[in-house]
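Here's the structure we're looking at; comments come further down.
Nothing in this text is a laboratory measurement; each read-out follows from the coordinates by a stated rule. Bear in mind the structure is a predicted one, so any value in this text is a computation, not a measurement. Cβ atoms come from the backbone with ideal geometry, glycine included; neighbour counts cover every protein chain shown.
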Amino acid sequence: MLTIKNLKKTYPKSDRVAVDDISFELRPGEIFGFLGQNGAGKSTTIKCLTGILPFDSGTIEVCGYDIVKEPIKAKMQMGYVPDNHSVYEKLTGREYVNYVADLYKVSTELRQQRLERFAKLFRLEYAIDRQIKSYSHGMKQKICIIAALIHEPKLWVLDEPMMGLDPQSTAEIIAHMREHCAKGNTVFFSSHNLDLVKKLCHRVAIVNDGKLIDLFDLAGNEENKANLEERFFRITGTYDRRLFEDYVAQESEDMRPELPVEEKQEEIGDEQDKTEEKKQSAVKAAVERVRNSVRNKKGGRQ
Amino acid sequence: MKGEFSMQSVRTLFKLDLLARFGSTHKRGVKYRIAQYSNYLFFAAIYAILVYGIYYLTRMFAGDGGLRIEFLTIAAFITIIVATAISTGTVIKNLYQNGDNELLLRFPVSGKEILVAKTIYCYLHNLIVCALLMLPFYMSFGAVTNAQVGDYFAYIGITLLSTFLPFFIANIIAVPVMKLMNAVKNKFLLVLILTIAAICGIFAFYLTSLTTFLNYMRREGETLISSGTIYHFRQFANAAYPFRFYAELINGKLYGGLSSGQLALRFLYIFLINAALGVAAYFVTIKEYYKTILYGIETEKASFHKTVEDKQRKAPWALFRREFYLILRSFNYSFQYFAMACAAPLMVLFCNRLAATMGTESLGAKIMPGLMLMVIIIFVTIVVSFASTSISREGNCFYHTKIIPVTYTTQVLVKFALYAVVATISVALCCIVSGAYYTSDAGGHVLSALDVGCIFIISEILVISLTCLYMLIDIKSPTFNVSGDGELVSANKNIALAMIVGISVAVLYGLFAMLFSFIPLKVGEWQISSIGGDMGNIYLILAIVSLVLLGASLSALFVNLNKNYQKIVP
């Protein structure tokens, strides 16, 4: 579905290699996660494969079409959702989707069916005939997704698609990713959400400093799933035991620090007329209790 | 909202506002400073020309014409109306539409403090505008009527007094005007038509005034103001209250003016009018400001809504429609492009008439074809300079042009087609309007239909080749500097370059045609032009040069287009 071989990209007027000899292949019907820290080279890779950025060397093939030699055929197979969800805001949602559908030669009947279905799925029916300018952040993201899917692309590329979206919209996008793959299509997306990638993707690649460091299966491999966070932290050079444990704890435990106990607060409130010394000792006692409880929690985890 | 009030908070908010508007006091680069000082110099030069013009008008009417009160009344009327319009815009923008209302309310300050801080800014802005508008009139009046030193101080005082009327009216009418603007802002065609009418009206008024003014300068000493004009001036001045009160205060006791008692009465009238308007403005603002920032009425029901049919179209036509709608639905772009293209024929006619009045008197009617050619190319160049932002205007959506399955050549061709259509319509209308006038009795038959046809062909070919060149400039060096709503922040360097190139070419073409319309030119055996001869050979040379330019610019744009386009990185 997508084959990237020895991709290399350096930005003009920059010594740093943004993407350094990256190679991987995407299979039909899979959801592929692309991980890396900010500036690791994820977006650059995506921009190269969608034709936005020219690259120095290597090849990119989409459904067997080389993005450089046969760009129109390659782009015809792809749907892209950018991270900044920039769209032509002066158009209405329907005008924009129709415009994109025209470019991808989608017939009137098909676009009507799809637009109606997507508008309903993403709850945009009431806004589809309004100017995009008036849309919220999430609505713009949704219209980008509808436009990217209007021609049912074989390869659906999303750059950090869940950023800033409400849980409902995130769930809708995830559901549609699964539906899209079930039809034999491929989804390729970059993300910072390790938990989502762990649950959703068949395979994952981790990039760091422009290099592809690791690529492994998640589907049916419980060990890889369990190790994803640690591998990511280690690869990106940010592994720190305390930081990592805190991150993992987010998934399993309630991280809220305990509130100072009510009765102590009441005590403090009631003793307003008492001396400053007494007030201080009450506060100290409350703080000590919180400290102890946090200590106990950490001890239990270790 | 209507919590406590502290002048300290108001001062802080006001300072914050000024800092946000005019930037920090940090040292900037040399380039920035040069650009800044150039802007100041440019503004000062324009203002000096304006003041000079006002002085001449004052001499013309208040001095030689003896229409002192009438002139001052009209001056007060015009300046107060203009100041009211500007002040209304400032109040709407700062008080009601500024997004920082929401931001400021997050600070521990009350709505009243924000309102007062913003009102202070609006008033100071109004004060500066009024001073810049009114003082040249009043000071010129003093100079023309040999006023005493004390009178000049009185003029400054009356200017200060005059600042309240536009400010109070602006505060009263701001909300209705804003609602009206919101009601029509999505009626793009209506806005375009109104803009075209406004441009034509302002331009016609400007050039009529300029023609009268130039006539006055040339025939100084002669009485140019007819008794009919004097009668209308007097009628207007007698009815134009309260502006006449200001005029009478300025005139004071000069030349059979009013007595001290009468002047005091005029002052009282002005005071009472201002007090009434001030109270009304206070209540309107207090009521509307809170309502507006709480409920956001400036955006209420303002979102554009249109139901279109889901229908398949060819990709080039879809691209063409998108480009057209993006221009039409942006006030800035449709003003720069469509409105100017539609208003160009009238502007060309007025300019031709003005230039013809001066030029043909000294050089003869033979220069008329060259003059018309130059004026048409200059105006249409200004219109098509819009093509020099064809790629930059994509802004944040530029990535879209790279991911769609349409070749870069098709995308650029579609844009080029749209610009070529608009340029052709504009050139044709310019030729029809000016041609109809100069081939008629009213225009003195200084042009033949053949002249007009040749001018059309030459201008059309040249303008199309300039369009190609402008698009190439933008492809080579686009600037994706867009504002919040996706529009270019300001005219970029490409527009300036396009204008310089276009105007230079227009002047060269015009000068060539004008000079050789009365200077004989022979190359070898070929007598290109002769005294009293026709313009055929001149047209032929210009047409050939234009065709060569067209060929060169088309190949420059399209030959390496893919390579050049691929290099553009958003």
Determine the alpha carbon to alpha carbon distance for each of A:Lys69/B:Lys476; B:Lys179/B:Lys287; A:Lys47/A:Lys90 and list only those over 19 Å.
A:Lys69/B:Lys476; A:Lys47/A:Lys90
Listed pairs B:Lys185/B:Lys314; A:Lys140/B:Lys291; B:Lys118/B:Lys185; A:Lys42/B:Lys563; B:Lys366/B:Lys522 exceeding 20 Å between Cα atoms:
B:Lys185/B:Lys314; A:Lys140/B:Lys291; B:Lys118/B:Lys185; A:Lys42/B:Lys563
Relative contact order as a percentage, chain B, C-alpha pairs under 8 Å and 6+ apart, gives 14 percent
At 30 Å minimum axial length over the Cα atoms and a Kyte-Doolittle cut of 1.0, report the qualifying DSSP H helices in chain B, or say none.
B:68-91, B:111-144, B:188-218, B:340-363, B:408-438, B:449-476, B:493-518, B:536-558
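Take the alpha carbon gyration tensor of chain B, find the square roots of its eigenvalues, order them as a ≥ b ≥ c, and report rounded if a/c is under 1.5; if not, report prolate when a/b exceeds b/c, else oblate.
Working: a/c = 2.30, a/b = 1.23, b/c = 1.87.
Since a/c reaches 1.5 but b/c is at least a/b, the shape of chain B is classed as oblate.
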Take the alpha-carbon centre of region B:55-99, take the same for region A:80-139, and report the distance between them in whole Å.
49 Å
Summarise the partner chain shielding of A:52-61 as one whole number: the mean count of Cβ atoms from other chains within 10 Å of each residue's Cβ.
2
Shielding by partners, peptide A:80-90 (average Cβ within 10 angstrom, other chains)
6
Grab the DSSP H runs of chain B that are 4 residues or longer, score each as -39,500 (n - 2.57), total them, divide by all residues and round the 222 nm result to the nearest 500 deg cm²/dmol.
-25000 deg cm²/dmol
